[in-house]
Structures are given as C-alpha cells and as structure tokens.
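This report refers to the structure that appears directly beneath it.
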Amino acid sequence: MIKNKFFLAVLLGAILYISVNYTPVLRQQALTLPLQIKHYFLHVKERMTRQAETFFSQKAKIAELKTALEKCTSQAQLSTAFASRLNHFLEESRLKKYDPRLILVQGLSYVKLGDFSRLWLDFPDFNSSKIYGLLYRGYVAGIVDAEAGHPVARLLSNDKMVCSVRIGAQGDLGVLFGGKTFLSVKYIPSYAEIKRGDEVTTSGNDNIFYEGVKVGKVVAIESYNLYKTAAVEPYARLHDPHYFYAVDTRSEKIEERNATR
C-alpha cells in the first residue's frame, strides 16, 4: 500500500514537473506538427500538379504537332502531284521541267567586322555566275552572290539584297530592297490597292526565288505620283543564324539564252 502511494506520488510529481518545465515545448510541437504535415502535403500536391500540367501540355503539343505533320504530309503529296502534272505539261510543250533545288549552306563568318548583313558561306558546287535565293526556316532571308569569286549571303539588312515580290490580295508586283529595320518594296503601281497587314511573297519572276515564299507584312505605305512604296516587317529573325537553304531555280535553257546575249 505504501509502495503504491509512493509510486503515485512520484508519478504525480513527474507530471507536475513536466507540466511546469516542458508544457511550452510540447505545446509548440503540438502546434508545429500539423503545420509541417500540411506543408508537406501541399508541396507534394504542387509537385504533382506541375507534373500533371507538364504531361498534359506535352500531350497537347504532341497532338498539335501530329496534326501539323499530317497536314504537311498531305500538302507535300498534293505538291508532288501538281509538280508532276506541271512537268508533264512542260514536256508536252517541249519546255524544260521546273525543278528548283534547295541546297543546305552554312554560314562561316561575317565579311566585315561590325557588318552583320554579309556572311561568307560554305556552299557546295557554288556557281559564281548565278544569284541564289536564301531561306531561313522557310522564309526569305536574303540572296547569295559572289564576292571575289566566293559565295556571300546578303541578308535582309543589306541594302544590295534585291528581289522581285508580290504584295497584297491582288498580287501587285514590286521590287524588294533590304533594310536594317524594315524592308522596302518599291515601284508598286500607283493604282495598287494595298494596305497595312498585307502579306509580301516572292514573285518568281527574277529566277532568284520560286514563287510564293513568304517575306513579311506591310507596316507602312507611301504614295508618289507614279508608284507606291511599302515598308515591310520581315518574318525571318536572323539572330546569329548558322544554316540556310539556298534556292537554285535557273534552268539550263535560261542560262543558255542569257549566255548568248
């Protein structure tokens, strides 16, 4: 009986001692633990949400790319069919097949330090007597001609970058000139009904580009007595590009005719 009383007294003393000395600590732990658990679950939830969003975003992107690929495949097949039909017509008319070539070329270095409008190219089988179109990511990027017998890319910012284009819904002709901020389309007929936002594409009349390559959109128009001039914002963004496609559209018959002049 005495032992039981002694044990009870010790137990009560221990409880009293803990309640006096450790109650704030226990209370703090009791308050902190649920917060820690909540923080942990919120962190896990946030991480799982991000992973789910990434997954569904990638899934949507894959579906989008798949649709685009199917569309491009269909368009490529149609283009092949039309090209075949066109070439049959040209053969029957005793004209040369229309078969433009795209040649992968690499930028080596700028021709002059500080001038980012001219670029030496690594161009296989370059013909210095030709002028080639230059594409970057499917858009007009400039032209290629010879300088000291070597291939030079004259990019959109070069004022000697010149080619024939069509502008607006009616496809009015003009001549495209390079520029540092905007391109300029000159010699547009004064009667041409063009407006801001009209798209500019290559005409194919100069044998530099084939027809229909996108250049950019009209941002401003100036009218003169005999013609109009349009400022064009280009689609191609040429920030330190390394690879391009050169366009070779000239046929043997065109070259032979030019050589006999």
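Coordinate-derived values only; no laboratory data. Just so it is clear, the structure is predicted and the values come from calculations on it, not from any experiment. FYI the Cβ positions are ideal-geometry reconstructions off the backbone, even for glycines, and counts take in every protein chain you see.
Structural remarks
- Sequence-distant residues sharing a close amide H with residue 141 (under 5 Å, placed H): 134, 135, 136
- Computed over the stretch 101-259: relative contact order in percent, which uses C-alpha pairs under 8 Å that are six or more apart: 24 percent
- Taking amide H atoms as placed 1.01 Å from N in the peptide plane, the amide H of residue 172 lies under 5 Å from those of 167, each 5 or more residues away in sequence or on another chain.
- Peptides 110-121, 59-70, 193-204 ordered by packing proxy, namely the average of other Cβ atoms within 10 Å per residue, highest first: 193-204, 110-121, 59-70.
- Across the stretch 155-163, computed HN-Hα scalar couplings (Karplus, 6.51 cos²θ - 1.76 cosθ + 1.60, θ = phi - 60°) run 6, 4, 7, 8, 6, 9, 7, 9, 7 Hz from first to last residue, x flagging Gly and Pro.
- Loop-located chymotrypsin sites (Phe, Trp or Tyr not before Pro) in the stretch 128-211 (DSSP state other than H, G, I, E, B) with a sparse environment of at most 11 neighbouring Cβ atoms within 10 Å: 191.
- Under 11 Å, Cβ to Cβ, from residue 178 - net charge with Lys/Arg +1 and Asp/Glu -1: +3
- Filter on 160/186; 66/217; 160/217; 71/217; 112/160; 130/217 - keep pairs with C-alpha separation over 22 Å: 66/217; 71/217; 130/217
- Coupling constants for the stretch 180-197 follow from the phi torsions by the Karplus curve (6.51 cos²θ - 1.76 cosθ + 1.60, θ = phi - 60°), and in residue order they are 6, 9, 10, 7, 10, 9, 10, 6, 6, x, 5, 7, 5, 8, 10, 8, 4, x Hz; glycine and proline get x.
- Karplus-derived HN-Hα couplings along the stretch 48-65 (A = 6.51, B = -1.76, C = 1.60, θ = phi - 60°), whole Hz, x at Gly and Pro: 5, 5, 4, 5, 5, 4, 4, 4, 5, 5, 5, 5, 5, 5, 4, 5, 5, 5
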